[in-house]
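Asks: Please see the structure below; I have some questions.
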Amino acid sequence: MSNYSKQTNWGQFIPLVTVFFFWGFVAASNDILIPVFQKAFKLTQTESMLVQICFYVAYTVGSLIYMAVSKGLKQDLINKIGYKNGLILGLLISASGTLLFYPAANLASFPLMISGLFIVGLGFSLQQIVANPLAIEVGPSETGAQRLTLAGGINNLGTTIGPLIVSFAIFGAASTANTEASIESVKIPYLMLGVAFVLVAIMLKFSSLPAITPTIIEDTDDVIPGDHKKSAFQYPQLVMGMIAIFVYVGVEVSTASNLPAYMEKSLGFETKDVAPYISLYWASLMIGRWTGAVEAFDLSAGFKKILRFLAPYLAFGVFLLVNAIAKHDLSPFYVYGAVIIVMIICDIISQGNPARMLLIFSVAGITALLTGMFTTGMVSVYAFTSVGLFCSTLWPCIFALAINGLGKHTNQGSGYLIMMIMGGGIVSFIQGYIADKTNIQFSYIVGVVCFAYLAFYAIRVTGILKSQGIDLDKISKGSGH
């Protein structure tokens, strides 16, 4: 890709990352909607996971629609309408989805509610297709991965704040006695979210973001001399990587989606009191990604080393701040600072090697889930929330490993990987089904299986890439989804 400037164009980057914020805000807010819908519509745990099914499968459907439209036009859709217009169109599609919440609330219709979320997800899929390469395009290519990581950190700021704002809008302040929510209380926050989508679309229209997509010149040869494959599917690292993305997004989403039910049914929490813990889970991803974003800034090597220790606790401080503003009791969360040390140690041991990091963090994720499954009380809650710490770097590791060595098929491979985001809905549904057949705590065995595959992939892909002559220590990582 060509670059618009030798330095990162922050005037273009800052308005761009607002869409990353929205992705996180809505995704994490779904975890608050699930218990609300479950009580209002008398849903089983399995049925309540249709919230995640509709939202995450929309990414796959959106990608397929995008491919079909591009094929019909005989030209890539974004190349035709441009980056800026693509983002604006995606925001307007998402805004139209929020409008369904009004009639859905008035009619008390669960199908209409999840249809609205599906349309919001369709808009997000188009935004994803545009925003990820654009984040690379607004600065030097050598720091593109770090800008994506920084954008992922902004995404997780949305995941941290989203549950708190939506919970406040539905239940009121934490100090109030309101413990139940009517479906009517859901429509206003989501209509306001739709207004925000439209306002950001207007802001982007008048921003300095490039209106025209630059010409992207793809490599005409594969990385391996003489190895000219006809399809991205002929690369085992990609095919196995697609499964890895599927189960990674699955365990990330399902862990949080089933946490409210566990805390309510097993520990006796009120629905309104669960929001800070959902916020902590998603803040854990922010903690890991802010650490990885340090390289995006033009700083001395020594200062960057210091920031790698400070950044996780700065992100943790953001979590504490927003919860203090929401008037939640912070005393249960201070102990989590010790858990963050485990993530920092894992990061140091991995030494930036994506395969090694994937293996170490997957093993840590298995350990966290098993701890949550075989303990009780707040120890189990902290164990389940710490899964967010160990998921924080997995998307960039998997993405980098899966597309490496694809040569001219890289863009095709990237598209297939994004389609696998649907794992967030399907794995959540599977865990919900197992929870109904057994219990919530045991259902986390689904996440253990997901992490086990990721550990297997880390070992297997190492051999595959080494056989192709690829140095794993030189693979750059990208961002969170």
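Asks: Residue pairs, Cβ under 7 Å, 6 or more apart or interchain, first in the stretch 260-274 and on the phi > 0 side of the Ramachandran plot, second open to solvent by 60 Å² or more (accessible area, probe 1.4 Å) and acidic (Asp, Glu). List them.
Replies: none
For (1) of a type in the set (Phe, Trp, Tyr); (2) at pLDDT below 90; (3) assigned to a helix (DSSP H, G or I), each residue gets a yes or a no:
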site: 57; (1), (2), (3): no, no, yes
site: 61; (1), (2), (3): no, no, yes
site: 66; (1), (2), (3): yes, yes, yes
site: 80; (1), (2), (3): no, yes, yes
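Asks: Right, another one. Output the number of the condition that residue 55 fails; it satisfies all remaining conditions of (1) open to solvent by 10 Å² or more (accessible area, probe 1.4 Å); (2) touching a residue at least 12 places away in the same chain (Cβ under 8 Å); (3) in contact with a helix residue (DSSP H, G or I) (Cβ under 6 Å, 6 or more places away or on another chain).
Replies: It is condition (1) that residue 55 fails.
Conditions (1) modelled with pLDDT of 85 or more; (2) in a helix (DSSP H, G or I); (3) under 23 Å from residue 286 (Cα atoms); (4) under 21 Å from the mean Cα position of the chain (by Cα), marked per residue:
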site	(1), (2), (3), (4)
396	no, yes, yes, yes
415	no, yes, no, yes
418	no, yes, yes, yes
425	yes, yes, yes, yes
436	yes, yes, no, no
448	yes, yes, yes, yes
453	yes, yes, no, yes
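Asks: Of the conditions (1) without any contact (Cβ under 8 Å) to a residue 40 or more places away in the chain; (2) open to solvent by 50 Å² or more (accessible area, probe 1.4 Å); (3) part of a helix (DSSP H, G or I); (4) not hydrophobic (A, V, I, L, M, F, W, C), residue 70 satisfies every one except a single condition; which number is it?
Replies: Exception for residue 70: condition (2).
Asks: Go through the residues of the stretch 325-335 one by one and say whether even a single one is under 20 Å from residue 371 (Cα atoms) and open to solvent by 60 Å² or more (accessible area, probe 1.4 Å).
Replies: Checked against the condition, which is being under 20 Å from residue 371 (Cα atoms) and open to solvent by 60 Å² or more (accessible area, probe 1.4 Å), the stretch 325-335 yields at least one hit.
Asks: Residue under question is residue 294, and the condition is that it be more than 24 Å from residue 371 (Cβ to Cβ) and crowded, with 18+ Cβ neighbours inside 10 Å; does it hold?
Replies: Spelling it out, residue 294 is indeed more than 24 Å from residue 371 (Cβ to Cβ) and crowded, with 18+ Cβ neighbours inside 10 Å.
Asks: I would also like to ask the following. If only one of 275, 244 is open to solvent by less than 10 Å² (accessible area, probe 1.4 Å), in the same structural domain as residue 376 (by the TED database), more than 30 Å from residue 359 (Cβ to Cβ) and under 21 Å from the mean Cα position of the chain (by Cα), which one is it?
Replies: Just one listed residue meets the conditions, 275.
Asks: Return the residues of the stretch 345-374 that are in a loop (DSSP other than H, G, I, E, B), polar (S, T, N, Q) and open to solvent by 40 Å² or more (accessible area, probe 1.4 Å); say none if nothing qualifies.
Replies: Listed by number, the list holds a single entry, 351.
Asks: Additional query: Would you mind finding the one in 307, 299, 314 that is assigned by the TED database to the domain that holds residue 394 and either under 22 Å from the mean Cα position of the chain (by Cα) or open to solvent by less than 30 Å² (accessible area, probe 1.4 Å) (or both)?
Replies: 314
Asks: Right, another one. Provide a single number: the residues in the stretch 6-29 that are within 19 Å of residue 392 (Cβ to Cβ) and polar (S, T, N, Q).
Replies: 0
Asks: Identify all residues within the stretch 7-52 that are assigned to a loop (DSSP other than H, G, I, E, B) and surrounded by fewer than 20 Cβ atoms within 10 Å (Cβ to Cβ); write none if there are none.
Replies: The answer is 7, 9, 41, 42, 43, 44.
Asks: If you check residue 79 against the conditions, is it out of contact with any Leu (no Cβ under 7 Å at 6 or more places or on another chain) and open to solvent by 60 Å² or more (accessible area, probe 1.4 Å)?
Replies: Yes.
Asks: I would also like to ask the following. What is the residue count in the stretch 82-94 for residues that are in a helix (DSSP H, G or I) and open to solvent by less than 10 Å² (accessible area, probe 1.4 Å)?
Replies: 6
Matching residues to (1) in the same structural domain as residue 105 (by the TED database); (2) β-branched (Val, Ile, Thr); (3) modelled with pLDDT of 90 or more:
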position: 22; (1), (2), (3): yes, no, yes
position: 25; (1), (2), (3): yes, no, yes
position: 28; (1), (2), (3): yes, no, no
position: 35; (1), (2), (3): yes, no, no
position: 41; (1), (2), (3): yes, no, yes
position: 48; (1), (2), (3): yes, no, yes
position: 51; (1), (2), (3): yes, yes, yes
position: 54; (1), (2), (3): yes, no, yes
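Asks: Restricting to the stretch 322-344, give me the number of residues that are of a type outside the set (S, T, N, Q), more than 22 Å from the chain's Cα centre (by Cα) and not in a loop (DSSP other than H, G, I, E, B).
Replies: 7
Asks: Pairs needed: first member in the stretch 331-356, farther than 20 Å from residue 395 by Cβ; second member anywhere, at pLDDT below 90 and part of a helix (DSSP H, G or I); C-beta distance under 8 Å; at least 6 residues apart or different chains.
Replies: From the stretch 331-356, no pairs qualify.
Asks: Looking at the structure I just gave you, is residue 287 in a helix (DSSP H, G or I), under 30 Å from residue 374 (Cβ atoms), open to solvent by 10 Å² or more (accessible area, probe 1.4 Å) and modelled with pLDDT of 90 or more?
Replies: No.
Asks: What single numbered condition from (1) surrounded by fewer than 23 Cβ atoms within 10 Å (Cβ to Cβ); (2) at pLDDT 90 or above; (3) within 26 Å of residue 254 (Cα to Cα) fails to hold for residue 128?
Replies: Result: residue 128 passes all but (2).
The values are calculated or read from the model by the stated rules, or taken from the named source; none is laboratory data. As the structure is a computational prediction, the values presented were derived from the model and not from experiment. Because the Cβ atoms are built from the backbone with ideal geometry, glycine has one as well, and the counts that use them run over all protein chains shown. The accessibility values were calculated without ligands, DNA or RNA, using every heavy atom of the protein model including side chains. Shrake-Rupley method; radii C 1.70, N 1.55, O 1.52, S 1.80 Å.
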